[in-house]
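The values are calculated or read from the model by the stated rules, or taken from the named source; none is laboratory data. Note that the structure is a prediction, hence the values are computed from the model and not measured. Because the Cβ atoms are built from the backbone with ideal geometry, glycine has one as well, and the counts that use them run over all protein chains shown.
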Amino acid sequence: MIARKNILQNESPEAHTYPSRVQNATLWEKLFVSENSPLRELFQEFEFSRRLNPFRLMHKVKHETSLDDSNKVEFSEKVLPNNNPVSVESYQSVGAYLALFSWFGVTDLHKNNMMYKTINRHTKITPLSIECIFNDIYLPSQTLLAPKKTDQNNHSGFDKIFDHLKSEGTTQDIYLFIKGYIEYLLFLNTIKQRISTLVNSIENVHNTPIRVLVKNDSVYLKFFKGYLMTAQEFEKTEVLQLKKSKIPYYFHYLNENKIYFYNTLEEQEPIRQNSPIHKSIHKLSRRQGVMPSQNSYRSLLERGALQLARLLLPKDYSGTLGDKNFSINAQHKIITIKCAGEFYVECES
């Protein structure tokens, strides 16, 4: 077993306390939620995006770096305690929100990384931590905003949204949510080159760590809380970081294949290619650039739409929602989704 006493004689670990260079990870949050979000500005050029506009569901956040190099976050709007039920202005915009983070391959957006607050009597949903981005994912549930299964909603970032849809939403609300998801994915694909050019032009974007999750932080936190774990459950580089009272942190850079970790406070070291952790990391689908692969994009469209329909439609629902351009049909335990000129898919409900 790892000598936990030796590890814990230092200060207790903090999930997001990493070397100063990793402080740049807030760049990924700025990309989406800052007052001067470059994505928000780009998408405002398009009438379609202004109509659905998932950005209006997020707070505008002011990021400031203090003299001690730590990051301070300040909300630009008055934030009230969220004691009220979830109030959704447009389910299509919420579907577009899910599409936005799915297209960008953002993962680890579980409920502890999302903030629900009421602004002017409307619920806003803001990601508090964006570290894992540009992954080739194939289902919206891989963002952790949506659950994998109906009975696993308690951990997802959209737990309140899905609960509200099921308890108070109508089948028309569910249709609009899925339609917004599909329409926004299609829109993002039409401007993918503009997005890629914009992201690659941002200052320091190629020096900003993109976290690679080998294990959920909860596994490491259990270790620090005293759960008995053998050394075999951790790889050598994980043990090295745990002994410094740090949650193991692995990362890569945009358009780069190498995986790094910090062997000292400021020195980064690439993972050896023949190490077990290198093999497990390379099973993860990291992109070579900003845009999703064609397989990822098509899967998010087709399988993603079916996943959302299975998650949200009542089990006993039978009927057709939508029109000739986009429709969802449920008959005899079969769900069929048609999107004119794009796809036709079906699965068991």
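If I ask for residues that are farther than 20 Å from Y91 by Cβ and not in a loop (DSSP other than H, G, I, E, B), which ones from region 48-64 would you list?
Listed by number, the residues that qualify are V61, K62, H63, E64.
Could we say that T208 is surrounded by fewer than 17 Cβ atoms within 10 Å (Cβ to Cβ) and of a type in the set (S, T, N, Q) here? Before the answer, list the steps.
Values: surrounded by fewer than 17 Cβ atoms within 10 Å (Cβ to Cβ): no; of a type in the set (S, T, N, Q): yes.
In short, no.
Within region 157-180, identify whether any single residue is in contact (Cβ under 8 Å) with a residue 24 or more places away in the chain, more than 26 Å from K111 (Cβ to Cβ) and part of a helix (DSSP H, G or I), and answer yes or no.
Yes, the conditions are met somewhere in region 157-180.
Condition check: among the aliphatic types (A, V, I, L, M), part of a helix (DSSP H, G or I) and without any contact (Cβ under 8 Å) to a residue 24 or more places away in the chain. Does L311 satisfy that?
no
For I335, are the conditions met, namely being without any contact (Cβ under 8 Å) to a residue 40 or more places away in the chain, of a type in the set (V, I, T), outside the structural domain of E168 (by TED's automatic domain parsing) and part of a strand (DSSP E or B)?
yes
Just one of (1) assigned to a helix (DSSP H, G or I); (2) modelled with pLDDT of 85 or more trips up E45, so point out which.
Here E45 clears every test but (1).
Just one of (1) closer than 18 Å to P54 by Cβ; (2) in contact with a Pro (Cβ under 7 Å, 6 or more places away or on another chain); (3) free of Cβ contacts under 8 Å to residues at least 60 places away in the same chain trips up T190, so point out which.
Looking at each condition in turn, T190 falls short on (2).
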